[in-house]
């Protein structure tokens, strides 16, 4: 059984910049500890990745805060976390969930038995989106989320997203 850690969007803009929250800052040490508990070859990360035309996109119209613009400081994974991800596979995604990540892991699951654990930001947007995409692509693969290594836009939305994932047979 290969256990894979998926680190969702631990980028500056979500931690302590454009869309940062005190809750996101509080999980940084737990996230680093969790990453250290896995061999780097079993760690995958995602990066929310937008372009300069973000404000003209559908997401930009609903969330009119430029963030994670490729190449900016806010787009980068927080430096102390990025160090731990050196050698990990990183997926840049233009929206909440990564269809490519789900497809690649579904192919891997056909070759070997895997288990997935998700951590990161934001619980109620990108974490839940990726968890549900992964569960839809691999209904028989055990998927879990470590709530202590996640933070939502608000504490209430964090809890609501965890409950949604529980309802969809994702272990929390």
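None of the figures in this text is laboratory data; all of them are computed from the coordinates on show. None of the values given here were measured: they were computed from a predicted structure. As a convention, Cβ positions derive from the backbone with ideal geometry for all residues, glycine included, and neighbour counts pool all protein chains shown.
Taking the chain as a Gaussian network, where each spring joins two C-alpha atoms under 10 Å apart, which residue of 34, 107, 76 fluctuates the most? The residue with the greatest mean-square fluctuation here is 107. As a length-normalised measure over Cα pairs under 8 Å and 6 or more apart, the relative contact order of region 2-167 settles at 29 percent. Just to verify a number: FRET efficiency for residue 83 and residue 144, C-beta to C-beta distance, R0 = 25 Å, to 0.05? Rounded to the nearest 0.05, the efficiency is 0.50.
Kirkwood analysis of region 87-172, using all unique Cα-Cα pairs, places the hydrodynamic radius at 13.0 Å.
Peptides 160-171, 115-126, ordered by how many other C-beta atoms sit within 10 Å of their residues on average, highest first, read 115-126, 160-171. Among 58, 11, 100, the residue with the largest mean-square fluctuation in a Gaussian network model of the chain, with springs joining Cα atoms closer than 10 Å, is 58. For region 81-172, averaging the sequence separation of C-alpha pairs within contact (under 8 Å, six or more residues apart) and dividing by the residue count gives a relative contact order of 29 percent.
Considering only 54, 91, 62, the Gaussian network model of the chain with Cα springs below 10 Å gives its largest mean-square fluctuation to 62.
Once the Cα-Cα distance is subtracted from the 0.36 nm per residue extended length, the residue 41 to residue 111 segment shows a gain of 23.5 nm.
A prolate overall shape is assigned to region 43-90, the ratio a/c of its alpha-carbon gyration tensor axes (a ≥ b ≥ c) being 1.5 or greater and a/b exceeding b/c.
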